[in-house]
Amino acid sequence: MPWYNPTALQAPMQTQKGVHVTVKEETQSIKSLKDLKPAQKLHGKISKIELFGAFVDVGLEHQGLIHISQLKRGQINRVDDIVHQGDEVDVWVLRVDPTADRLDLTLIKPVGLKWKDIQPGNKYSGEVIRLEKFGAFIDIGAERPGLVHVSEMRDEYVSDPGELVKVGEKVDVSVLEVDSKKRQIRLSMKAAEMVETLDDEPQEVLPTAMEIALREAIDGPDNNVEASAINVKATSKTRKELEDIYSRTLSHKIQTVTKKEGE
């Protein structure tokens, strides 16, 4: 049976050796390690468990190895806490060396968020993957998790991060600082809550210059005796016309603002 490149597939298709690829992907024959590329997705079966990792049969002549550090993000004590012999898994190519007949795999989905795209002020939804006394590490889809220090969890003093969040919990965070050289991301939970609150507050609609002019033409500016005297001489018809113009202007403005908020 021919092999296909599993980088753009959707509907699964099973091969005799357990590798599945999906349809709707560029068709490229995968017969050996030379046909594989980093970050390429494969489907296989756990064939053997070792202390240092797990071997995976992906349907090729040589099996791949998932090192224990590549089973998931965060601390791992034992390989069989994550996978067992016979499990079918989706894996990604980490490194491939055809000359050495070596294939390193990972269960961790390739990074979808690049360092250049992470900017202070950006808001993300992430997962708590580790708790420490000084804060919580959050996976936002970047190469490394970001840290929410206890001082950025809420305004009040936090003695134990575990009182607010648990491992596996989804939280909203905002980026405070990014250091791509040190591979560090500082996050804040309370800043994210503040942004959400500000977004929910109704925006005050300020009068335009035309509206101010119309209002003054109708009522006359405050503390202006001369203008008030001129307004007294205005006929009731003129006043009514100004009132109608002012009313239509406000109505049009309200409709415009409502339409924009609904978009």
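Could you pull out the pairs from Lys37/Lys133; Lys48/Lys166; Lys116/Lys170 whose alpha carbons sit more than 29 Å apart here? All intermediate terms of the calculation are to be shown ahead of the outcome.
Values: Lys37/Lys133 40 Å; Lys48/Lys166 32 Å; Lys116/Lys170 24 Å.
Among Lys37/Lys133; Lys48/Lys166; Lys116/Lys170, the Cα-Cα distance tops 29 Å for Lys37/Lys133; Lys48/Lys166.
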Asn122 and Gln85 label points (each 7 Å along its Cα→Cβ direction) are spaced in nm at 4.3 nm
Trypsin sites (Lys or Arg not before Pro) restricted to DSSP loop in region 129-182 with at most 15 other C-beta within 10 Å: Lys133, Arg154, Lys166, Lys181, Lys182
As I understand it, the dipole of region 41-85 uses +1 on the Cβ of Lys and Arg and -1 on the Cβ of Asp and Glu, about the Cα centre. Which of Gln75, Gln85, Gln63 lies farthest toward its positive end? Gln75
Hey, which of these cross-link pairs are over 21 Å Cα-Cα: Lys41/Lys114; Lys109/Lys190; Lys31/Lys72? Lys109/Lys190; Lys31/Lys72
Residue separation between Lys190 and Gln75 times 0.36 nm, minus their alpha-carbon distance, gives in nm 38.8 nm
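What's the Cα-based Rg to Rh of region 115-200, Rh via Kirkwood? The partial results should precede the final answer.
Values: Rg = 12.0 Å, Rh = 12.8 Å.
That ratio equals 0.94.
Rule-based calculations on the coordinates, nothing more; no lab input. Not measured: the values here are computed from a predicted model. Note: ideal-geometry Cβ built from the backbone for every residue, glycine included; neighbour counts use all protein chains shown.
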